[in-house]
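Visitor: Structure in structure tokens, see below.
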Amino acid sequence: MKEDRTQLEVVVVGGGMITHDQILPSLYHLQREGVIGSIKVCALNSTPLRALAESSRFAEAFPGQGFEAFPPLDSPPDAAYPDLFLEVIAALPPGNLVVVAVPDHVHGRVIRAALEHNQHVLTVKPLVPTYAEATEIHELAQARGLFVGVEYHKRFDRRALDARGLYRAGRFGQFRCGEAKMIEPYCYRHSNFQNWFTKDNSDPFTYVGCHYVDLVHFITGLRPVEVSVRGIEGTFPNGNVGYMWAQGQVVWENGALLSVTDGLGYPDEAAGTNDQGLVMYCEADDRAAIIKHDDQYRGVQHGYVDRLVGVAFRFVSPDYFRLVPWDGDGLKPVGYGFESIEGLVQAARRVNAAAADLQGEEALAARRQVLAEIDDRGVLATPGDSWINELVTEAARLSIARNGRPARIEYIPTPTVRLHD
Ligand SMILES: NC(=O)c1ccc[n+]([C@@H]2O[C@H](COP(=O)([O-])OP(=O)(O)OC[C@H]3O[C@@H](n4cnc5c(N)ncnc54)[C@H](O)[C@@H]3O)[C@@H](O)[C@H]2O)c1
């Protein structure tokens with residue numbers, strides 16, 4: 001068979017929940033379609049890798065497909081390899097793709113290693129905790145003509161894309177006041193989260209509130225100017241202390257207010273499977289307008305004769321991610337979770353394709369041209385397009401550690417975050 005030089009070889013760093021639920025099944029489908037080549041997955045230890053390799057869900061959906069594990073599957077479960085990803089990335093030929101799916105506070109280290117080895121990057125949100133780090137990543141990627149995509153998959157939800165188009169066409173007037181929430185299941189407290197979701201590393205606003213802050217910016221184009229967040233602490237089963245709940249307020253440059261409620265506390269046996277949604281009240285010329293997204297209940301209810309998912313009744317979201325029958329082997333991923341991964345992978349390929357027959361400075365200029373077009377369109381989140389998120393994260397982390405003291409974001413002369421006196 002002729003070698004396909006446009007295929008990307010992929011290294012995934014992190015083998016936890018998001019890799020299992022969304023990233024790896026999406027990559028398997030792209031591999032089956034010939035978009036990507038081999039897949040390597042590197043984790044801190046072999047335990048999550050064995051779970052991925054032995055998953056009956058993947059065996060049914062992607063028969064005959066697999067990944068190469070680092071460390072190997074038969075390595076002792078308690079042996080940790082925190083730096084192994086450096087070797088796995090270094091062994092990848094330049095111009096391929098590193099997918100970053102490690103805990104929030106580890107993203108920056110893996111992204112920098114990937115860029116320094118001339119790899120494109122697809123990273124889960126939030127990119128990094130500070131604006132300065134986002135700028136550094138943006139400059140490093142620009143200097144080398146590499147794509148960095150941040151996986152804010154809600155951007156690919158049709159309702160968000162439609163709202164963006166209509167808002168920017170003036171159909172809603174100006175956003176004035178609103179609320180967003182994302183409450184993840186209580187059982188997260190018993191997962192690997194308890195090992196890293198501590199007060200120093202993250203909080204529910206940073207972890208999932210960022211999705212809705214990004215969406216309001218994505219829809220309206222408004223920039224945030226002030227953030228305050230209060231958290232409620234709790235103790236994980238292993239004794240670690242973290243914020244279990246957080247409530248934030250974001251003030252936007254037109255004076256609009258968004259309150260954001262987040263937590264690890266949706267009842268495990270409720271229909272959910274989490275609780276989430278966005279309401280934006282808007283106004284113009286003596287009229288009101290509204291954008292309201294119920295992102296929890298998408299109109300599908302399943303009652304099962306078994307309890308394979310732990311409960312017998314569920315609200316199901318066919319919009320985010322499902323593996324469904326198709327006219328091919330196994331099952332096919334559908335939903336904005338898949339489309340987001342696909343969109344970011346295809347962007348990295350487009351960057352390579354633009355420079356396929358060029359060398360040196362000409363190749364670099366061609367790659368930068370594609371990167372500039374991606375940022376101009378603003379549909380894919382990149383460090384060059386979505387850095388307001390890092391300003392908000394930086395402000396939120398300052399504020400939550402000071403019991404909700406507001407942090408201001410100033411843009412002139414350069415973007416800066418400062419606590420209110
Ligand atoms: N809705 C979303 O967009 C969404 C949902 C879930 C998670 N996430 C993000 O994905 C990231 C991971 O979350 P998760 O739920 O999969 O967490 P998790 O705790 O289930 O998994 C983390 C994984 O990272 C690996 N890891 C940690 N340190 C490593 C290192 N030094 N080298 C290699 N691997 C290492 C662990 O082995 C584990 O497999 C977080 O940043 C989270 O915010 C995003």
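Visitor: Across the chain, where is the longest run that never hits trypsin sites (Lys or Arg not before Pro) in a DSSP loop with at most 11 other C-beta atoms within 10 Å?
Guide: So the longest stretch without any such site is 6-306.
Visitor: In terms of modelled amide H atoms, which long-range or inter-chain residues lie less than 5 Å from the amide H of residue 232?
Guide: Sorted by chain and number, the residues that satisfy this are 244, 245, 246.
Visitor: Related question: Amide H of residue 12: which non-local residues (sequence gap of 5 or more, or other chain) have their own amide H closer than 5 Å, using H built in the peptide plane?
Guide: It is 40, 41, 42, 99, by chain and number.
Visitor: Through the Karplus equation 6.51 cos²θ - 1.76 cosθ + 1.60, θ set to phi - 60°, convert the phi angles of the stretch 392-405 into ³J(HN,Hα) values in whole Hz; use x for Gly and Pro.
Guide: 5, 4, 4, 5, 5, 5, 5, 5, 5, 6, 10, 6, x, 4
Visitor: Divide by every residue of the chain the summed helix terms, -39500 (n - 2.57) for each DSSP H run of at least 4, and state the resulting mean residue ellipticity at 222 nm, rounded to the nearest 500 deg cm²/dmol.
Guide: Here the helix-only value at 222 nm equals -9500 deg cm²/dmol.
Visitor: At residue 59 and residue 306, where each label point lies 7 Å from the Cα along Cα→Cβ, what is the point-to-point distance in nanometres?
Guide: About 1.3 nm, to one decimal.
Visitor: May I pose another question? Provide 17, 280 in ascending order of the number of other Cβ atoms located within 10 Å of each residue's Cβ, fewest first.
Guide: 17, 280
Visitor: Exposed loop sites here are chymotrypsin sites (Phe, Trp or Tyr not before Pro) in DSSP loop states with at most 15 other C-beta atoms within 10 Å. What is the longest stretch of the chain lacking them?
Guide: Counting only loop sites that pass the neighbour cut-off, the longest clear stretch is 1-296.
Visitor: Using each residue's phi in the stretch 304-313, evaluate 6.51 cos²θ - 1.76 cosθ + 1.60 at θ = phi - 60° and report the 3J(HN,Hα) Karplus result to the nearest Hz, with x for Gly and Pro.
Guide: Result, ordered by residue: 9, 7, 10, 10, 4, 9, x, 9, 9, 9 Hz.
Visitor: Mind scanning 181/332; 154/181; 40/154; 40/199; 181/292; 125/181 and naming the pairs with a C-alpha gap bigger than 23 Å?
Guide: 181/332; 40/154; 40/199
Visitor: Can you list residues whose amide H is under 5 Å from residue 272's amide H, if they're 5+ apart or on another chain and H is modeled 1.01 Å from N?
Guide: 315
Visitor: Let me ask you something else. Would you mind classifying the chain by shape? Square roots of the alpha carbon gyration tensor eigenvalues, ordered a ≥ b ≥ c; an a/c under 1.5 is rounded, otherwise it is prolate if a/b is larger than b/c and oblate if not.
Guide: The shape class here is rounded.
Visitor: On to the next question. What list of ³J(HN,Hα) values in whole Hz, one per residue of the stretch 104-113 in order, does the Karplus curve 6.51 cos²θ - 1.76 cosθ + 1.60 (θ = phi - 60°) give from phi, with Gly and Pro shown as x?
Guide: Here the 3J(HN,Hα) series is 2, 6, 9, 3, x, 5, 6, 4, 4, 4 Hz.
None of the figures in this text is laboratory data; all of them are computed from the coordinates on show. Every value quoted in this text rests on a predicted model; they were computed, and no experiment measured them. FYI the Cβ positions are ideal-geometry reconstructions off the backbone, even for glycines, and counts take in every protein chain you see.
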